[in-house]
Structure formats: C-alpha cells, structure tokens
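To keep things clear, I will list the structure first and then write my remarks on it.
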Amino acid sequence: MEVQVTSENFASLKSGAQPLVVDFWATWCGPCRMIAPVIAELAQAYDGRITVGKCDVEENEELAEEFAIRNIPTILFFKNGEIVDKLVGAVSKAKLEEKFQSLL
C-alpha cells in the first residue's frame, strides 16, 4: 500500500525500519500517470518489506527542492536513511522491480 509522503512525515518514513521508495509526481504529469498503476502494484507486492510513498511536488515543494527534483516522475530509493538509487522518467515495470529487489 502506498503512503502519502509529506514534509511532515518524510523524516520518520526515511528513518523507518524498511527501505523507502518515493515517487515524486504531479497530477498534470502524463508519464507520472502512466507509471502510477505499476508503482501501486509493486507497493502491494512488496508490502511489509518496502515502504512505498508518493510525493506530490506541488504540495511539497521543499522536499522537491531538497532532492533537486527537476523532472518528474523521479523515483528515489532509500536504504538506512540514505539515497541508494534514482530513476527519472517513465520506466518499465521490469526496471522498477529490479530496483525494488536491490533494496532487499
């Protein structure tokens, strides 16, 4: 299940026991809408092992600025509170699943 990532809950999600995947997106972004079902599917498949969150860049500008998000979708992969990987743009389910597997 996906969680909403906000400036208020980001620090606690990042420092949680599970790896964290954050999809930075916006409602008007076509590629973001294209990969949304894949992200949701992976969130369900990895539930209990990886925390998957969505962060609307327009509602959380400070987070987008902190991570220098210039293009969306941008997906950041965190392990032990640190960024370990990044994907920019709409990518295949296979590529996303490969990145999810590398977090475990």
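Annotations
- If only residues of the stretch 47-80 that are among the acidic types (Asp, Glu) and surrounded by fewer than 16 Cβ atoms within 10 Å (Cβ to Cβ) are counted, the one that is farthest from residue 8 (Cα to Cα) is 47.
- Subset of the stretch 3-37 that is without any contact (Cβ under 8 Å) to a residue 24 or more places away in the chain and assigned to a loop (DSSP other than H, G, I, E, B) - its residue that is surrounded by the most Cβ atoms within 10 Å (Cβ to Cβ): 9
- Any hit, the stretch 62-72, residues being closer than 18 Å to residue 99 by Cα and under 12 Å from the mean Cα position of the chain (by Cα): yes
- Residue within the stretch 84-94 that is on the phi > 0 side of the Ramachandran plot, among the polar types (S, T, N, Q) and exposed (fewer than 12 other Cβ atoms within 10 Å of the Cβ) present: no
- Among residues of the stretch 55-68 that are in a loop (DSSP other than H, G, I, E, B) and among the charged types (D, E, K, R), those with a beta-carbon under 7 Å from a residue that is open to solvent by less than 100 Å² (accessible area, probe 1.4 Å) and at pLDDT 95 or above at least six positions away or on a different chain give the pairs 58/26.
The values are calculated or read from the model by the stated rules, or taken from the named source; none is laboratory data. A quick note: this is a predicted structure, and the numbers were derived from the prediction, not measured. With ideal geometry, Cβ positions are generated from the backbone for all residues, glycine too; neighbour counts draw on all protein chains shown. Just the protein is used for accessible areas: all its heavy atoms, side chains included, with ligands, DNA and RNA removed. Shrake-Rupley method; radii C 1.70, N 1.55, O 1.52, S 1.80 Å.
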